[in-house]
Amino acid sequence: MRIRFAAFTLALLLLLALVSAVLTQTAPRAGTPVRTSDSKPDFSGFWKIASAPAPATSQASVFQGGNAPRRPPRIQLSQQLPLTPKGKQLVQEYTKGDGEFGGETGAPGDPRYHTIPCGPVSPGSLTGEVEIVQNPKRLLMVYMGGDSKWIRQVWIGRQHPQDLTDYEPVWMGHSVGRWEGNTLVVDTVRIKSAYGEMIDNASAAPQGPQFHLIERISLAADGRLHIDKTFEDPDYYVRPWTKNAVLAKQTNWDEFAEDWEIQDQHTVCEDAKYPSDNDPYFQTPKK
């Protein structure tokens, strides 16, 4: 009887050990990124810049009667860019009307107020507030920052057209992606440009027809999304330069739901001006 009980106990212990080993192999470890059906890191979700919450007080600049400190002038920030002589000339043109505002638009007294062409933001500057939907063939990126809503499609495993001159430039360009380990490398070309279009408005960084964008997207061990953007444009920069962004995954969908009306919330651009309550151009005369 004792022998039979001992054998039963040993069998039970072996079974428990086997089950524990299986669970250890199959259960995701803490910090292990979720993966897609093709075993790649899954970037799907709603992401925002990982930074401290914005204060509840007004963030209007001092030039608008607010309390936000004045930013360094754009012409000063542009000195950090590896500009070619042509690039420096264009920055001078973009900033010549900044005056005492130093590039902080938003007040009717600013000479540049609502006079910049109504074009979309460059894909080089799009980062924060983005929803990513991913499958093995495509990464869909829906950007929600600011008044404009933009959609980018990254075709994974595909190539750019062999003859790019046959591909009509579009505002978000043509993007293809390839995996380097757990990092998705996104290559974007044929980005539509216009006079006044900038990679970074804060530093007046110009963007031209030869603008080439390379992004490296990866998940860190803490679950944050890292996007490293490298900008190339031989017309305006003597060498490539890079900006980095770290995004945190959001779960409070209800808080942002009303901002996600892609089709119905477009800001209409009239006569190269955006409507604004504090712009005399759009104010209705009082009777």
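How big, in percent, is the set of alpha carbon pairs in the range 144-255 lying more than 22 Å apart? Please list the in-between numbers first.
Values: 2479 of 6216 pairs.
When every Cα pair of the range 144-255 is considered, 40 percent fall beyond 22 Å.
Measuring from the lowest to the highest alpha carbon on each principal axis, how far does the range 163-223 reach, largest first, in angstroms?
41, 34, 13
Is there a pair in Lys192/Lys243; Lys40/Lys149; Lys48/Lys243; Lys48/Lys192; Lys192/Lys249; Lys86/Lys229 whose C-alpha atoms are over 24 Å apart, and which pairs would that be?
Correct reply: Lys40/Lys149; Lys48/Lys192; Lys192/Lys249.
Using a 1.4 angstrom probe on the protein heavy atoms only, line up Ser218, Ser122 by accessible area, largest first. Let's see the in-between values first.
Details: Ser218 30, Ser122 0 Å².
So the residues, ranked largest to smallest area, are Ser218, Ser122.
The values are calculated or read from the model by the stated rules, or taken from the named source; none is laboratory data. Keep in mind the model is a prediction, meaning the values are calculated, not measured. For the accessible areas, the whole protein counts, side chains as well, though only heavy atoms, and no ligand, DNA or RNA atoms are used. Shrake-Rupley method; radii C 1.70, N 1.55, O 1.52, S 1.80 Å.
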